[in-house]
Amino acid sequence: MTDQYQHFSTTPIGKFVIKHLGLPAPVDLERYRTATPVIQGAVLLGTTAQAYFTSAIAETLRQVHANTYVVEDAGLLEQAKNADLDVSVFSPETKSPRFKAIVFDASGIHSTEQLKDIYNFFHPIARQIQTSGRVVIVGVDPDRAESVSQAIAQRALVGFVKSLGKELRKGITAQLVYAAPDAAENLASTLRFFLSPRSAYVSGQVVVVQKADVIAVDWSKPLSGKTALVTGASRGIGEAIAHVLARDGAHVICLDVEPQQADLDRVAQSIGGSTLALDITAADAGKKIAQACQQQGGLDILVHNAGVTRDKTLANMKEQFWDMVININLSAAERINHYLLEHNALNEQGRIVCVSSISGIAGNLGQTNYATSKAGVIGLVKYTAPHLKKGITINAVAPGFIETQMTAAIPFAIREAGRRMNSMSQGGLPVDVAETIAWFAAPASSGVNANIVRVCGQSLLGA
Ligand code: NAD
């Protein structure tokens, strides 16, 4: 649905009113277009003494042909040279480019006193980031730190990144990527995602990357040869997920309930995929999914997107609405996972991606059933992950306000509040959720496991 306020904000009168009343000014977020570079503009790379990941970051910047700048630092220049990365030296005092992306390797910060390094690095350049720019700070997973003082200092980075995300505005995102000290080679897919326009509506997130098998991919078609199944694929976010996974090379089996068959056919036809009309709450849903995938060489990517809301305050909620929401949004996904894992029906390096919600993080008036189901999805991810074998991962997205039929039905005042109360001052699009799922689903994301990533423009709810 159209965001009329955002449209108004681009008109001369709109600009005038917004400026003088101090109203939120949403920018047109840059989104990914096929065959465009990962980063379109200059990148500033910074590091700290004894950092772990700078060479790996430099290698990714080289691979994406980033126009990279560094501050004068012999160690950093040496690491860039070793990675074959051409860099220009930049001095904050002289006239310099405005940056599209800033990557800072903060993993060398071993004490709280050293946190001054991030102040010293970011303070002079905080006004030099372009619209829809990207800030990515890479740190050491505090749970894997070498000392208590390192863990404390690394944990402190969360507050810095989340505050920066709220300050920068203009569609600029800020993320913190924690990696295990031995996971440098697993960073590439996550860096590419957060540096690119694919992460347009993801900000203020903290992601953990673990050591895992390093999988070589064709970055232009990362899902080539893979079979994906998306539940609830006939419309809304599910339709967008099907499109993005197919764009990235996967054969997509689009699943939805039988009454949605016509829309299901339309989506599948548009992406060269196939369909499976099935109610995911059916007792044999896992078996039917496994059978449908067998004909395609087995299942590589399973996206549990189907979901419903039946909002009422608890006092007014009928038992059937409680049961229905928990069953579709949570228990069905749990049962399907259980069947597929028990019957070895997910291929090696399989990817399970669930769809939670910020309602499951923050809770929401009138949504005890929905929030319970979506908090349960977070539990499903967290407690399943340690039991997975064969390189299989499980992660979830937690969308905030996404422009769909679901949110169009919300009363005007609540809808406007939901739309604006985030660092982007606008709602996200289904494609923003889909791009995040495609990153989780990528073979090169083997080290990304048990993460919950909000696609909410850094919503104030539950932050
Ligand atoms: P939607 O209602 O447009 O689509 C949901 C799809 O799931 C429908 O096609 C529906 O037929 C299908 N479905 C429902 N029950 C099913 C069942 N038993 N078996 C198979 N398919 C079933 O919703 P949407 O806005 O696209 O949301 C998709 C997911 O994203 C949901 O899990 C939702 O909770 C979540 N989400 C949405 C938002 C948002 O702002 N739209 C925010 C947070 C989370």
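The values are calculated or read from the model by the stated rules, or taken from the named source; none is laboratory data. Here the structure is a predicted model, which means the values were calculated and not measured. Here the Cβ is made from the backbone with ideal geometry for all residues, glycine too, and neighbour counts use every protein chain on show. Quick note on the areas: whole protein, heavy atoms, side chains included, nothing else; ligands and nucleic acids left out. Shrake-Rupley method; radii C 1.70, N 1.55, O 1.52, S 1.80 Å.
Quick look at the numbers
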read-out	value
Test for residue 182: is it modelled with pLDDT of 95 or more, within 21 Å of residue 157 (Cα to Cα), more than 16 Å from the ligand (Cβ to nearest atom) and acidic (Asp, Glu)	yes
Residue match in region 409-421 (condition: open to solvent by 10 Å² or more (accessible area, probe 1.4 Å) and under 30 Å from residue 211 (Cα atoms))	no
Residue within region 368-382 that is more than 16 Å from the ligand (Cβ to nearest atom) and in the same structural domain as residue 305 (by TED's automatic domain parsing) present	yes
Selection status of residue 360, open to solvent by less than 30 Å² (accessible area, probe 1.4 Å), more than 14 Å from the ligand (Cβ to nearest atom) and modelled with pLDDT of 95 or more	no
The lone exception for residue 243 - which of (1) surrounded by fewer than 17 Cβ atoms within 10 Å (Cβ to Cβ); (2) at pLDDT 95 or above it fails	(1)
Residue in region 249-259 that is charged (D, E, K, R), surrounded by fewer than 23 Cβ atoms within 10 Å (Cβ to Cβ), in contact (Cβ under 8 Å) with a residue 60 or more places away in the chain and not assigned by TED's automatic domain parsing to the domain that holds residue 164 present	no
Single residue of 249, 298, 232 found to be within 9 Å of the ligand (Cβ to nearest atom), among the small types (Gly, Ala, Ser), under 28 Å from the mean Cα position of the chain (by Cα) and at pLDDT 95 or above	232
Those residues of region 288-327 which are open to solvent by 60 Å² or more (accessible area, probe 1.4 Å) and among the charged types (D, E, K, R), in sequence order	288, 310, 311, 312, 318, 319, 323
Region 189-214 - residue that is in a loop (DSSP other than H, G, I, E, B) and hydrophobic (A, V, I, L, M, F, W, C) and, of those, nearest to residue 355 (Cα to Cα)	202
Residue check for residue 411: farther than 15 Å from residue 304 by Cα and out of contact with any Asp or Glu (no Cβ under 7 Å at 6 or more places or on another chain)	yes
Index of the failed condition, residue 324 passing every other in (1) under 24 Å from the mean Cα position of the chain (by Cα); (2) near the ligand (Cβ under 10 Å from one of its atoms)	(1)
Matching residues, region 327-338, being closer than 15 Å to residue 374 by Cβ and within 12 Å of the ligand (Cβ to nearest atom)	327, 328, 329, 330, 331, 332, 333
Single unsatisfied condition, residue 457 versus (1) in a helix (DSSP H, G or I); (2) within 14 Å of the ligand (Cβ to nearest atom); (3) out of contact with any Lys or Arg (no Cβ under 8 Å at 6 or more places or on another chain); (4) in contact (Cβ under 8 Å) with a residue 12 or more places away in the chain	(1)
Failed item in (1) more than 23 Å from residue 163 (Cα to Cα); (2) in contact with a helix residue (DSSP H, G or I) (Cβ under 9 Å, 6 or more places away or on another chain); (3) open to solvent by less than 60 Å² (accessible area, probe 1.4 Å); (4) of a type outside the set (Gly, Ala, Ser), with residue 69 passing the rest	(2)
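Each row is one residue, and each column tells you yes or no for (1) open to solvent by 30 Å² or more (accessible area, probe 1.4 Å); (2) under 30 Å from residue 420 (Cβ atoms); (3) in contact (Cβ under 8 Å) with a residue 40 or more places away in the chain.
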position: 125; (1), (2), (3): no, yes, yes
position: 132; (1), (2), (3): no, yes, yes
position: 138; (1), (2), (3): no, no, yes
position: 155; (1), (2), (3): yes, no, no
position: 159; (1), (2), (3): yes, yes, no
position: 165; (1), (2), (3): no, yes, yes
position: 172; (1), (2), (3): no, yes, yes
